[in-house]
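*Asks:* First, the structure itself, so that you have it in front of you.
The values are calculated or read from the model by the stated rules, or taken from the named source; none is laboratory data. What you see is a predicted model; the values in this text were computed from it and never measured. Note that each Cβ is placed from the backbone with ideal geometry, even for glycine, and that neighbours are counted across all protein chains shown. These area figures cover heavy atoms from the full protein model, side chains too; ligands, DNA and RNA do not enter into them. Shrake-Rupley method; radii C 1.70, N 1.55, O 1.52, S 1.80 Å.
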Amino acid sequence: MIEIENVRKSFGPLEVLKGINLTVPKGEVLTIIGGSGSGKSTLLTCINGLEPIDSGRITVDGTEVHARGTDLNKLRRKLGIVFQQWNAFPHLTVLENVMLAPRKVLGLGKAEAEAIAVKQLTHVGLGEKLNVYPTRLSGGQQQRMAIARALAMSPDYMLFDEVTSALDPQLVGEVLDTLRMLASEGMTMICVTHEMKFAREVSDRVAFFSKGVMAEIGAPQQIFENPQHPETAAFVKLTQA
Amino acid sequence: MFSYTFQWKQAFAKLPLMLDGALVTIELALLSMAIGIVLAVVLTGFRLSRIRPLVAIVTTWVEIARNTPALFQIYIAHFGVASFGLHLSPYVSLLIGITFNNAGYLAENFRGALKAIPDTQTRAARSLGMNPIQAFVHVVLPQMLRIAFLPMTNQMVWAILMTSLGVTVGMNFDLYGVTQDLNALTFRTFELFALAAVIFYVMTKIVQIGARLIAARLFRY
Ligand SMILES: Nc1ncnc2c1ncn2[C@@H]1O[C@H](COP(=O)(O)OP(=O)(O)O)[C@@H](O)[C@H]1O
Ligand SMILES: [Mg+2]
């Protein structure tokens with residue numbers, strides 16, 4: 001379970017998260033929608049401790065992320081994250097990209113790490129691309145590789161930050177299909193996305209962010225058909241236009 | 001008017017001695033590069049640390065290495081330190097002088113290379129649970145060395161050529177030193193120095209071709 005309690009965070013004078021409260025139980029698929037600059041990416045990077053917070057508390061399975069003495073490197077094994085800009089390691093093949101962290105972080109042997117990597121890459125449909133360098137992959141393939149790389153650490157939670165936003169339209173589908181597959185397998189997921197149709201289909205709950213505040217959260221039906229907050233209504237209307 | 005007669009035979013007879021000198025030259029260049037690369041990585045670390053005194057050391061080092069004659073740097077490493085009572089052999093002085101120069105240039109090259117690596121690479125590595133050192137060693141460093149590979153090759157060529165400055169501090173068993181001594185004995189000036197120039201040329205070409213082969217094997221992306 002991920003528990004976010006009254007989290008505040010500023011970059012200089014700009015308050016980006018203004019007291020966020022949110023609990024994500026195991027097995028839930030939560031999507032976060034909202035305008036650009038509303039603090040969605042910042043929240044995800046705070047959850048895995050890449051960014052510090054100013055006040056409040058984030059706990060993952062009872063471990064407080066920003067407490068002194070928390071082993072962030074260990075905690076991050078539980079939390080896979082995939083960013084908007086695919087971050088393939090260009091000097092490593094697809095297979096090596098996925099094997100690196102299991103080997104260096106989990107200390108697995110070569111054979112074991114390779115078996116895991118092959119399994120995950122096959123799972124996301126890249127079984128034929130094992131020995132290719134990432135620059136030879138399309139954006140969608142790179143993004144699926146990044147997903148496999150995160151999954152190879154056997155995380156309990158997956159965080160996705162607009163993983164389709166930088167893709168050509170015809171490549172969006174294959175990545176969303178991969179996310180759908182993970183959701184159907186019961187993975188706990190927080191997906192920041194602009195794909196409203198996707199959000200509507202896969203989410204257990206949808207959260208709407210506006211200017212550092214979680215303005216509304218509820219079932220997809222509520223958010224998309226019967227929004228309670230005027231800003232949600234305006235945003236949904238805008239994206240459907 | 002043109003009364004110099006070429007006597008190549010006499011010069012070629014000295015070739016084995018000169019090739020022995022060339023080995024010393026290669027050894028100096030390789031050592032000064034190996035130590036220079038390590039120092040440059042350390043200096044790069046100093047710079048990234050943003051700790052003021054450390055950054056000041058790097059800045060001073062890089063500025064002197066790049067903006068003063070290499071000859072001056074080798075002089076300081078010999079006569080300069082001697083005036084403080086530290087008497088180093090010509091070999092050691094030359095090695096220190098060239099290494100100092102290498103490290104300064106390479107540190108600057110590494111800085112440029114690091115700028116070309118987006119910090120999202122480090123974020124991605126850290127997100128997978130790697131600690132900062134693992135992220136640097138497995139993700140950033142290999143990419144940095146690739147970008148800096150050509151400048152490193154050039155610096156190696158420079159290191160070979162810089163050994164010729166050793167004669168000014170009394171170095172006499174590297175290629176240039178040997179040639180100079182032979183010249184004093186035989187006065188076959190043109191032949192000997194032409195031969196030395198060819199050996200220098202061959203050495204630097206081998207470095208460049210070798211580097212290209214290594215790069216092709218190492219960097220397949
Ligand atoms: N590292 C940073 N330094 C300064 N400002 C930042 C930084 N990261 C994000 N911001 C600012 O914080 C605000 C929220 O950013 P972000 O969380 O990326 O929003 P979203 O993902 O919802 O578009 C934006 O105004 C952005 O410019
Ligand atoms: Mg964002």
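*Asks:* If we scan the range A:145-159, do we find a residue that is open to solvent by 50 Å² or more (accessible area, probe 1.4 Å), modelled with pLDDT of 95 or more, in a helix (DSSP H, G or I) and within 12 Å of chain B (Cβ to nearest Cβ)? Let's see the steps before the verdict.
*Replies:* Filtering the range A:145-159 for residues open to solvent by 50 Å² or more (accessible area, probe 1.4 Å) gives A:154, A:156.
Restricting the remaining residues to those that are modelled with pLDDT of 95 or more gives A:154, A:156.
Of the ones still in play, those that are also in a helix (DSSP H, G or I) are none.
There is no residue in the range A:145-159 that is open to solvent by 50 Å² or more (accessible area, probe 1.4 Å), modelled with pLDDT of 95 or more, in a helix (DSSP H, G or I) and within 12 Å of chain B (Cβ to nearest Cβ).
*Asks:* Could you look through the range A:160-179, keep only residues that are in contact (Cβ under 8 Å) with a residue 40 or more places away in the chain and open to solvent by less than 40 Å² (accessible area, probe 1.4 Å), and pick out the one that is nearest to the chain's Cα centre (by Cα)? So that I can check it myself, show each step before the final result.
*Replies:* Of the residues in the range A:160-179, the ones in contact (Cβ under 8 Å) with a residue 40 or more places away in the chain are A:160-163, A:165-166, A:174, A:178.
Checking the rest, the ones that are also open to solvent by less than 40 Å² (accessible area, probe 1.4 Å) come to A:160-163, A:166, A:178.
Values: A:Phe160: 2, A:Asp161: 5, A:Glu162: 8, A:Val163: 8, A:Ala166: 15, A:Thr178: 13 Å.
This residue is A:Phe160.
*Asks:* Within the range A:60-84, restricting attention to residues that are within 16 Å of ligand 2 (Cβ to nearest atom) and not in a loop (DSSP other than H, G, I, E, B), which residue is farthest from A:Ala166 (Cα to Cα)?
*Replies:* Looking only at the range A:60-84, we keep the residues that are within 16 Å of ligand 2 (Cβ to nearest atom), and these are A:81-84.
Narrowing further to those that are not in a loop (DSSP other than H, G, I, E, B): A:81-82.
Working: A:Ile81: 16, A:Val82: 13 Å.
Checked the range A:60-84; the qualifying residue farthest from A:Ala166 (Cα to Cα) is A:Ile81.
*Asks:* A further question on this structure: I need a count of the residues in the range A:185-200 that are touching a residue at least 12 places away in the same chain (Cβ under 8 Å) and either loosely packed, with under 14 Cβ neighbours inside 10 Å or touching an Asp or Glu at 6+ places or on another chain (Cβ under 8 Å) (or both).
*Replies:* Let us first name the residues in the range A:185-200 that are touching a residue at least 12 places away in the same chain (Cβ under 8 Å), namely A:186-196, A:198-200.
Next cut, either loosely packed, with under 14 Cβ neighbours inside 10 Å or touching an Asp or Glu at 6+ places or on another chain (Cβ under 8 Å) (or both) only: A:186, A:188-189, A:192-194.
Within the range A:185-200, residues that are touching a residue at least 12 places away in the same chain (Cβ under 8 Å) and either loosely packed, with under 14 Cβ neighbours inside 10 Å or touching an Asp or Glu at 6+ places or on another chain (Cβ under 8 Å) (or both) number 6.
*Asks:* Then there is this: Just one of B:Val157, B:Val140 is within 25 Å of the chain's Cα centre (by Cα), closer than 30 Å to A:Val94 by Cβ and open to solvent by less than 40 Å² (accessible area, probe 1.4 Å); which is it?
*Replies:* Working: B:Val157 fails: closer than 30 Å to A:Val94 by Cβ.
Being within 25 Å of the chain's Cα centre (by Cα), closer than 30 Å to A:Val94 by Cβ and open to solvent by less than 40 Å² (accessible area, probe 1.4 Å) holds for just one of B:Val157, B:Val140, which is B:Val140.
*Asks:* Taking the criterion of being open to solvent by less than 10 Å² (accessible area, probe 1.4 Å), closer than 21 Å to A:Met1 by Cβ and within 16 Å of ligand 2 (Cβ to nearest atom), would at least one residue in the range A:207-217 satisfy it?
*Replies:* Scanning the range A:207-217 turns up at least one residue that is open to solvent by less than 10 Å² (accessible area, probe 1.4 Å), closer than 21 Å to A:Met1 by Cβ and within 16 Å of ligand 2 (Cβ to nearest atom).
*Asks:* Taking the condition of being without any contact (Cβ under 8 Å) to a residue 60 or more places away in the chain and open to solvent by less than 10 Å² (accessible area, probe 1.4 Å), how many residues in the range B:28-43 meet it?
*Replies:* 0
*Asks:* Next question. So in the range A:31-59, with the set limited to residues that are surrounded by fewer than 22 Cβ atoms within 10 Å (Cβ to Cβ) and in a strand (DSSP E or B), which one is farthest from ligand 1 (Cβ to nearest atom)?
*Replies:* Checked the range A:31-59; the qualifying residue farthest from ligand 1 (Cβ to nearest atom) is A:Thr59.
*Asks:* In this structure, is A:Leu14 within 16 Å of ligand 2 (Cβ to nearest atom), loosely packed, with under 13 Cβ neighbours inside 10 Å and modelled with pLDDT of 95 or more? Steps first, please.
*Replies:* Working: within 16 Å of ligand 2 (Cβ to nearest atom): yes; loosely packed, with under 13 Cβ neighbours inside 10 Å: yes; modelled with pLDDT of 95 or more: yes.
Spelling it out, A:Leu14 is indeed within 16 Å of ligand 2 (Cβ to nearest atom), loosely packed, with under 13 Cβ neighbours inside 10 Å and modelled with pLDDT of 95 or more.
*Asks:* Same structure, new question: Considering (1) within 16 Å of ligand 1 (Cβ to nearest atom); (2) open to solvent by less than 40 Å² (accessible area, probe 1.4 Å); (3) touching a strand residue (DSSP E or B) at 6+ places or on another chain (Cβ under 9 Å); (4) not in a strand (DSSP E or B), say which one A:Leu182 fails and leave the rest.
*Replies:* Going through (1) within 16 Å of ligand 1 (Cβ to nearest atom); (2) open to solvent by less than 40 Å² (accessible area, probe 1.4 Å); (3) touching a strand residue (DSSP E or B) at 6+ places or on another chain (Cβ under 9 Å); (4) not in a strand (DSSP E or B) one by one, A:Leu182 breaks only (1).
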